[in-house]
Amino acid sequence: MQAGLINAAVPFARLEEEVSSRARELASIPSSQLAAMKLIVNQAYENMGLASTQLLGPVLDGLMRNTHAARDFIELAEREGVGAAIARRDERFGDYGQAPRERRPDPQNVVRP
C-alpha cells in the first residue's frame, strides 16, 4: 500500500464509495504505526515553526480588523447584511457563488448522514 496525502476529486455519485474505501484502507493500518506517523508529521510541522505561525494568526487578525477595508466591510454588513458585504468583497474573484447558474455547484450534491 502506498501512503500519501488523501487528495482526490471524484464524481459526487462515487463519493461515499470512495470515502468508505479509503477509510477501510486506513483502518487496516495498525494503530501503533498510525500513532508513529502522526508523531513524525507533528514533529515536522513543529520543526517548520508551526507554533510561531499559529501565534501570527490572532496577531494579524487583530491588526486587520482595524483597517479601513475592515471597517467598510463591517459598516456595509450592518447596513445591508453580511451577504451583501461578502458579495461586494468577492465580486472581483468571480467565484461560483456569483457565477452563472451553469457554473455553480449542483445543489443536489448533498451528503446525508
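Please name which of A87, P100, L76 has its Cα lying farthest along the dipole of the range 69-113 towards the positive end, using unit charges on Cβ (Lys, Arg +1; Asp, Glu -1) and the Cα centre as origin.
Farthest towards the positive end: P100.
Measuring from label point to label point, each 7 Å out along Cα→Cβ, what is the V59 to I29 span in nm?
Reported label-point gap for V59 and I29 is 3.4 nm.
Per the helix-only calculation at 222 nm, which mean residue ellipticity applies to the chain, given -39500 (n - 2.57) for every DSSP H run of n ≥ 4 and division by its residues, nearest 500 deg cm²/dmol?
Roughly -19000 deg cm²/dmol at 222 nm, from the helical runs in the chain.
Which of the DSSP-defined H helices in the chain satisfy a minimum axial length of 15 Å, computed from C-alpha atoms, and a minimum mean Kyte-Doolittle hydropathy of 1.6?
Both cut-offs are met by no helix.
Identify which of the listed values of P(r) over Cα pairs in 10 Å bins from 0, in percent was calculated from the structure shown: (i) 14, 47, 31, 7, 1; (ii) 11, 17, 13, 12, 16, 13, 9, 6, 2; (iii) 10, 20, 23, 31, 15, 1.
Checked against the structure: label (iii).
Values quoted throughout were computed directly from the atomic coordinates according to the rules given, and no laboratory measurement underlies them. Bear in mind that the values here come from a model prediction, so they are computed numbers and not experimental data. Cβ coordinates were reconstructed from backbone atoms using ideal geometry, including for glycine residues, and neighbour counts include every protein chain displayed.
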